[in-house]
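K.L.:
Supplied in structure tokens, the structure appears directly below.
The values are calculated or read from the model by the stated rules, or taken from the named source; none is laboratory data. In this text the structure is predicted, and so the values were computed from the model without any measurement. FYI the Cβ positions are ideal-geometry reconstructions off the backbone, even for glycines, and counts take in every protein chain you see.
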Amino acid sequence: MSQGNGKSLRVGVVRNEDGSLALTSPGVGVWRLGPSVGRALLSGGGSASADEASCGVLSVLGVDYRLLLPPGVAGRVVSRLAAEEREPNVDYGARLLELAPLGGAEAAAAASGQSASAATGLVFRAPMSGRFYLRPAPDKPAFAEVGATLTRGQTVCLLEVMKTFNRLALSGEDLPERVRVLAVVPADGEDINRGDVLLRLEPG
């Protein structure tokens, strides 16, 4: 098992005959907080892409390692190991996720959003771990959408922690009074870690 910077590990990558990718476990442990089906994963240099590159957490003998994509890998999650289990036990080399290639327009849009956010350096991060919800109810409008303008103190999402729903308000000393949403990073209903980027922003 090769460890990356800090407590992180790179997943293995297997290319299937149809061009899709399988991401494999770099060790034996409990896999949790993996990305949901439908989420786009992107790799690249620097912290600007760290959250898009996250493949969950592997707990090995009580130590948590964040699983990251190797450089140059991208795709959309089409299936995941043991989808009915929230925290499955995995062996070395187990196929955690299957990725389909991103379309040309989709890949370009994702790269553009990353570049703009990296230039401004504005992000809104999760203050705690939990399950991310973009809407107060399935039939209600989203709190935040790409292109929307938000003001400090405005609710941007719900975070479910221990069956309690917490409203997260836009805050942060480095954020201006008004911002525009460049990207919503997690999928609706996805489990996230404390410190994960939820929104990528630019001055509004």
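K.L.:
Regarding the range 23-37, can at least one residue be identified that is surrounded by 13 or more Cβ atoms within 10 Å (Cβ to Cβ), within 15 Å of L97 (Cβ to Cβ), of a type in the set (A, V, I, L, M) and modelled with pLDDT of 90 or more?
P.N.:
Looking through the range 23-37, at least one residue is surrounded by 13 or more Cβ atoms within 10 Å (Cβ to Cβ), within 15 Å of L97 (Cβ to Cβ), of a type in the set (A, V, I, L, M) and modelled with pLDDT of 90 or more.
K.L.:
Please go through the range 177-187 and pick out each residue that is more than 11 Å from the chain's Cα centre (by Cα) and outside any strand (DSSP E or B).
P.N.:
Of everything in the range 177-187, just one residue is more than 11 Å from the chain's Cα centre (by Cα) and outside any strand (DSSP E or B), namely E177.
K.L.:
Taking the range 71-89, which residues are modelled with pLDDT under 85 and either surrounded by 13 or more Cβ atoms within 10 Å (Cβ to Cβ) or more than 18 Å from W31 (Cα to Cα) (or both)? Don't jump to the end; show me each part of the working.
P.N.:
To start, the set of residues in the range 71-89 that are modelled with pLDDT under 85 comprises 71-74, 82-86.
P71, G72, V73, A74, A82 - these are the residues of the range 71-89 that are modelled with pLDDT under 85 and either surrounded by 13 or more Cβ atoms within 10 Å (Cβ to Cβ) or more than 18 Å from W31 (Cα to Cα) (or both).
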